[in-house]
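All remarks here apply to the structure that follows.
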Ligand code: 13P
């Protein structure tokens, strides 16, 4: 049984002391869960101090971005090599990186390859914009983003990675919190099927069953159960909700309850 993975993407929020306070509060609320993996993705600046503060039985760290060259004259960048000892995961291809910072398929592919080369697990984000959804292009967009990003990887490397389905139109940005659309669980289910089918076509059954698929886009304590119960979903990638210790720790509790319930169901193969 795969663990449920909850990744809190703090985006460009929280300075060092605010981040430390949030981790302190989360640590008080979150127990050691064997079947739920809790990952925090703070800003680059905060990774180092948090790596000393976190209880590693409860939390792992992720970076929100990195550059694909291992070192060199690349002002302002941090490489995957530099992150090796600090993080388990790096988020790659987030829609904000694609749309605000103009990252293209090629750059994202190079980042995924550099991530794997440096022994870090990529969390590859893919998802359609509102216009692409209206034009019924979701499957094509997911196919193109996924295929190009993993094209340098082997089947085993793909099996070990994480893919996050993040429909751009469902991501809250603070300003649109009350007005934007929320993805329905059946829509998420369709997208997850498309993703696993693409992995199957490219890398075979084993990889399509092993790869972990997350959902991200306005997930919170209220809707976490509905998304986590979507067949084929292995976890969530909340943004806004991960900044609130009560909200995020409640999501961890929900994930733990779902895992316990799954364990109680006898496995047909046994
Ligand atoms: P929200 O949960 O704030 O919509 O953000 C989702 C996201 O982009 C996580 O990477």
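The values are calculated or read from the model by the stated rules, or taken from the named source; none is laboratory data. What you see is a predicted model; the values in this text were computed from it and never measured. Cβ: placed from backbone, ideal geometry, glycine included. Neighbour counts: every protein chain shown.
For this structure, a couple of remarks:
- Of all positions in the range 66-79, at least one carries a residue that is modelled with pLDDT of 95 or more and assigned to a strand (DSSP E or B).
- Members of the range 241-256 found to be surrounded by fewer than 21 Cβ atoms within 10 Å (Cβ to Cβ) and within 9 Å of the ligand (Cβ to nearest atom), listed by number: 243
- Residues located in the range 61-88, provided they are farther than 30 Å from residue 27 by Cα and in contact with a helix residue (DSSP H, G or I) (Cβ under 7 Å, 6 or more places away or on another chain): 68, 70, 71
- For the range 124-139, a residue qualifies if it is out of contact with any helix residue (DSSP H, G or I) (no Cβ under 8 Å at 6 or more places or on another chain) and not in a loop (DSSP other than H, G, I, E, B), and the qualifying residues are 131, 134.
- Enumeration of residues in the range 1-49 that are part of a helix (DSSP H, G or I) and within 16 Å of the ligand (Cβ to nearest atom): 22, 44
- Qualifying residue in the range 33-49 (condition: closer than 27 Å to residue 256 by Cβ, at pLDDT below 95 and in contact with a helix residue (DSSP H, G or I) (Cβ under 6 Å, 6 or more places away or on another chain)): yes
- Residues of the range 165-185 classified as surrounded by 15 or more Cβ atoms within 10 Å (Cβ to Cβ) and on the phi > 0 side of the Ramachandran plot, total: 0
- Sole exception among (1) closer than 25 Å to residue 41 by Cα; (2) crowded, with 20+ Cβ neighbours inside 10 Å; (3) more than 15 Å from the ligand (Cβ to nearest atom) for residue 199, by number: (1)
- For the residues 213, 162, 188, 100, the requirement of being at pLDDT 95 or above, under 21 Å from residue 8 (Cβ atoms), within 16 Å of the ligand (Cβ to nearest atom) and surrounded by fewer than 18 Cβ atoms within 10 Å (Cβ to Cβ) singles out 100.
- Subset of the range 50-65 [buried (at least 17 other Cβ atoms within 10 Å of the Cβ) and assigned to a loop (DSSP other than H, G, I, E, B)]: 54, 58, 64, 65
- Among (1) away from the ligand (no atom under 16 Å from the Cβ); (2) not in a helix (DSSP H, G or I) - the single one residue 157 does not satisfy: (2)
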